[in-house]
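Novice: Here you go, one structure.
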Amino acid sequence: MLIENIKTAFTQYKDQAEVSGFSALREQAYHEFEKLGLPTTKNEEWKYTNLKVLANTNFESTCLSSGNVKAFLQNALLNKITANKLVFVNGTFNAELSEIIEKDNSIYITNLAKARSLHAEIFNQHFGKYANIENNALNSLNTALLSDGAFVYVPTNKTVEFPIFIVNIADSSDVNVLNQPRNLIIVEKSASVHLIEMYYSLGSNSVFTNVVNEIYANENSHVEHYKIQQQEGESYHNNFTQIFQEANTNVNHVTLTLDGTLVRNNLHFYLNGQNCNSLLYGLYMPHGNCLVDNHTRVDHAQPNCNSNELYKGIMMDKSVAVFNGKIMVHLDAQKTNAYQRNQNILLSDEATVNTKPQLEIFADDVKCTHGATIGQLDEEPMFYLRSRGIPEDVARKMLLNAFADDIAEKIKIPELVKLLEEEIEKKL
Amino acid sequence: MLSIKDLKAEIEGKKILNGLSLEVKAGEVHAIMGPNGAGKSTLSSVLAGRAEYEVTSGSVTYEGKNLLDMSPEDRAREGLFLAFQYPIEIPGVSTTNFLKTAVNEKRKYLGLDPMEATDFLKMMREKMDYVEMDKSLISRSLNEGFSGGEKKRNEVFQMAMLEPKLCIMDETDSGLDIDALRLVSNGVNKLRNKDNAFLVITHYQRLLDYIVPDFVHVLYKGRIVKSGDKELAKELEVKGYDWIKQEVEANS
């Protein structure tokens, strides 16, 4: 069972590992995980998302891939875009499938295992500094047993010309697999980068992917960060992203959850300086018995910052969605503007949405709004389209596409938007 | 073309149309006037097929077919067109894509192949000139951020694209300044021919200076209480509706 599998994996790791500060952190993280165990529905943060099925399954955390990943990738959408690609298969970096086309050698786009020795100073300065492990079982688990992941370092004043795809493929052809990717992104002063995390799966066994991202945006930098979840079949996915913004930074984040049995996205922003802009966009369209849970948190710790959040869901069949958006406005964060909306369209009587906006405001001069809607497609646009001779089913599709594309279009790479809109259309 | 007989309709239990009858032939323009609350918008809603209105008795025959049995989309594909009083904004649906879908769905219904992309664009350019519509508007989302006048011009532009047989114009003049009114009316006049008909619903006579009707009907309390030619509209403009109301009350 999962807990025993983890214990074995950790013992094996310890036997092989060299003694270093990194190992100490892993040890600490493992004990934290042991203490906490997998979150249960008794935990308020996990009230609607039950991980019991994971606890009762055996997962292999170090296994090879026997599927034809190369052929699979050739048909994937990222193959149609000129970009830097870091590809990981079952948590292991695959140099053959990866491709770095960026010419500037001062920009590091590599894998974490390599960066740990090659760029030790930067690594040690940032690794584990943003994603909290205390009281967070899954972050602890990732920190204890992480496999590999992307390491991106953009020095001061540099712009990464081509987008960086961080591609994770879980191959469960032979056994149930546990993948724990860990990405560390450092964007220095006045630098900018486009990052796209993509998750795929092949094979018919179960997949449990547990990701931690740490993204550090130094002053005046600009980060575009997109996460596209397309793992199919029996796939369980937990993603924790901590974005740490210094003064005068702009971060635009888009999460598209297009597939997965159970997907939990934890997106945390910490605004550590003045004049930051943070944009959080999400789209989920679960079908069957799938569950998508988006937990977001924006910490306004300094004055004069803006955050704007819009999450949209299209619910099919017996699917379940959870949206929990927390905005924390700290005592010093005067003149904060924080907006949050969650809009859901139910296409089935049996689908469920649990939505909970949460504002905690400790400053007195702020503008904060939140709102949530759950309903059917509006009658008026439907009638308008039908009154022009467009049949009901075609009209419905047009309106649903428009609803979903609104989020996809927040991605600033036009050719990627076009490809994603085609994927979205296929799902509806 | 259109034959309405003793039509009664209600919404949420409230009776709005109380035995309305009207005959419209090809090539004719009928104006329906009347005070607020007379049932003018209900008439256009019932004809276009809004589900929230319930027809309790009477009949509507359009081109020999029972109109009330048809879905809104079938009515449109049979050649009925409603120019909305308040055209709504539909973010994310481009005007071009919307019209291409509408035109090709109608063609499919009539057993025709979809239009070639180049022919379609040519047609769009031609028809935009009818209402002097700004070319940039069609690449935007449907009516999104359009001014009141642009929305009404877009309605007439759509009318030109879909080439309907029966056009119902629901208070198209409301909210239009004089320049926009002239543009919209010019567009409509260019579309008039011996094979199509117009039902122009309006509160004011002003619009009828530009779109000159063959018949003018006064709707009051859900029925047509008076019919005449364009002179009747002018009389209403001068005298208001009170004298008609009194006439009706005296006769009942």
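Novice: Of all residues in the range A:329-353, count the ones that are in a strand (DSSP E or B) and over 16 Å from A:V292 (Cα atoms). Spell out how you get there, then give the answer.
Specialist: Here is the first cut: in the range A:329-353, the residues in a strand (DSSP E or B) are A:329, A:337-346, A:352-353.
From what's left, over 16 Å from A:V292 (Cα atoms): A:329, A:337-341.
Of the residues in the range A:329-353, 6 are in a strand (DSSP E or B) and over 16 Å from A:V292 (Cα atoms).
Novice: Among the residues of the range A:136-178, what is the count of those that are within 25 Å of A:T249 (Cα to Cα) and open to solvent by 10 Å² or more (accessible area, probe 1.4 Å)?
Specialist: Pass one, the range A:136-178, residues within 25 Å of A:T249 (Cα to Cα): A:149-166.
Now restrict to residues that are open to solvent by 10 Å² or more (accessible area, probe 1.4 Å): A:153, A:155-159, A:161-163.
Residues flagged as within 25 Å of A:T249 (Cα to Cα) and open to solvent by 10 Å² or more (accessible area, probe 1.4 Å) within the range A:136-178 amount to 9.
Novice: Every residue in the range A:179-226 that is open to solvent by 20 Å² or more (accessible area, probe 1.4 Å), assigned to a strand (DSSP E or B) and modelled with pLDDT of 95 or more, please.
Specialist: A:S192, A:H194, A:Y216, A:H222
Novice: For the range A:91-107, which positions are part of a loop (DSSP other than H, G, I, E, B), open to solvent by 10 Å² or more (accessible area, probe 1.4 Å) and under 20 Å from A:S61 (Cβ atoms)? I'd like the intermediate steps shown before the answer.
Specialist: Keep residues of the range A:91-107 that are part of a loop (DSSP other than H, G, I, E, B), which gives A:91, A:94-98, A:100-107.
Adding the requirement that they be open to solvent by 10 Å² or more (accessible area, probe 1.4 Å) leaves A:94-98, A:100-107.
If the condition is that a residue be part of a loop (DSSP other than H, G, I, E, B), open to solvent by 10 Å² or more (accessible area, probe 1.4 Å) and under 20 Å from A:S61 (Cβ atoms), then A:N94 is the only one that fits.
Novice: Scan the range B:121-146 residue by residue and report those that are modelled with pLDDT of 90 or more and not basic (K, R).
Specialist: Within the range B:121-146, B:L121, B:M123, B:M124, B:E126, B:M128, B:S141, B:L142, B:N143, B:E144, B:G145, B:F146 qualify.
Novice: Could you pull out the residue among B:T118, B:T96 that is open to solvent by 70 Å² or more (accessible area, probe 1.4 Å), of a type in the set (V, I, T) and either assigned to a helix (DSSP H, G or I) or at pLDDT 90 or above (or both)?
Specialist: Numbers: B:T96 fails: open to solvent by 70 Å² or more (accessible area, probe 1.4 Å).
Of the residues listed, the single one that is open to solvent by 70 Å² or more (accessible area, probe 1.4 Å), of a type in the set (V, I, T) and either assigned to a helix (DSSP H, G or I) or at pLDDT 90 or above (or both) is B:T118.
Novice: Spot the failing condition for B:N36; the list is (1) surrounded by 14 or more Cβ atoms within 10 Å (Cβ to Cβ); (2) out of contact with any helix residue (DSSP H, G or I) (no Cβ under 9 Å at 6 or more places or on another chain), and only one is missed.
Specialist: (1)
Novice: While we're looking at this one, here's another question. B:A38 is checked against (1) outside any helix (DSSP H, G or I); (2) modelled with pLDDT of 95 or more and fails just one. What number does that condition carry?
Specialist: Of (1) outside any helix (DSSP H, G or I); (2) modelled with pLDDT of 95 or more, only one is false for B:A38: (2).
Novice: A further question follows. May I ask you to say which residue of B:L112, B:L121, B:L67 is within 14 Å of chain A (Cβ to nearest Cβ) and over 23 Å from A:F383 (Cβ atoms)? Please lay out each step first, then the result.
Specialist: Numbers: B:L121 fails: within 14 Å of chain A (Cβ to nearest Cβ); B:L67 fails: over 23 Å from A:F383 (Cβ atoms).
Just one listed residue meets the conditions, B:L112.
Novice: Out of A:E380, A:E415, which single residue is assigned to a helix (DSSP H, G or I), over 23 Å from A:V292 (Cβ atoms) and away from chain B (no Cβ under 14 Å)? Quick ask: steps written out before the conclusion?
Specialist: Details: A:E380 fails: away from chain B (no Cβ under 14 Å).
Sole residue among the options that is assigned to a helix (DSSP H, G or I), over 23 Å from A:V292 (Cβ atoms) and away from chain B (no Cβ under 14 Å): A:E415.
Novice: Further question: Go through the range B:99-115 and count every residue that is in a loop (DSSP other than H, G, I, E, B), surrounded by 12 or more Cβ atoms within 10 Å (Cβ to Cβ) and in contact (Cβ under 8 Å) with a residue 24 or more places away in the chain.
Specialist: So the first thing to find is which residues in the range B:99-115 are in a loop (DSSP other than H, G, I, E, B), and the list is B:110-115.
From the residues that got through so far, the ones that are surrounded by 12 or more Cβ atoms within 10 Å (Cβ to Cβ) too are B:114-115.
Now narrow it down to the ones that are in contact (Cβ under 8 Å) with a residue 24 or more places away in the chain: none.
Number of matching residues: 0.
Novice: Quick one: in the range A:241-251, of everything that is open to solvent by 10 Å² or more (accessible area, probe 1.4 Å) and part of a strand (DSSP E or B), which residue is nearest to A:N218 (Cα to Cα)? Give the derivation first.
Specialist: Of the residues in the range A:241-251, the ones open to solvent by 10 Å² or more (accessible area, probe 1.4 Å) are A:242, A:244, A:246-248, A:250.
This time we only want the ones that are part of a strand (DSSP E or B), so: A:242, A:244, A:250.
On the way: A:Q242: 14, A:F244: 8, A:N250: 10 Å.
Going through the qualifying residues, I end up with A:F244.
The values are calculated or read from the model by the stated rules, or taken from the named source; none is laboratory data. Everything numeric in this text was worked out from a predicted model, so none of it was measured. We place every Cβ from the backbone using ideal geometry, glycine too, and count neighbours over all the protein chains shown. Keep in mind that these areas ignore ligands, DNA and RNA; they rest on the heavy atoms of the full protein, side chains included. Shrake-Rupley method; radii C 1.70, N 1.55, O 1.52, S 1.80 Å.
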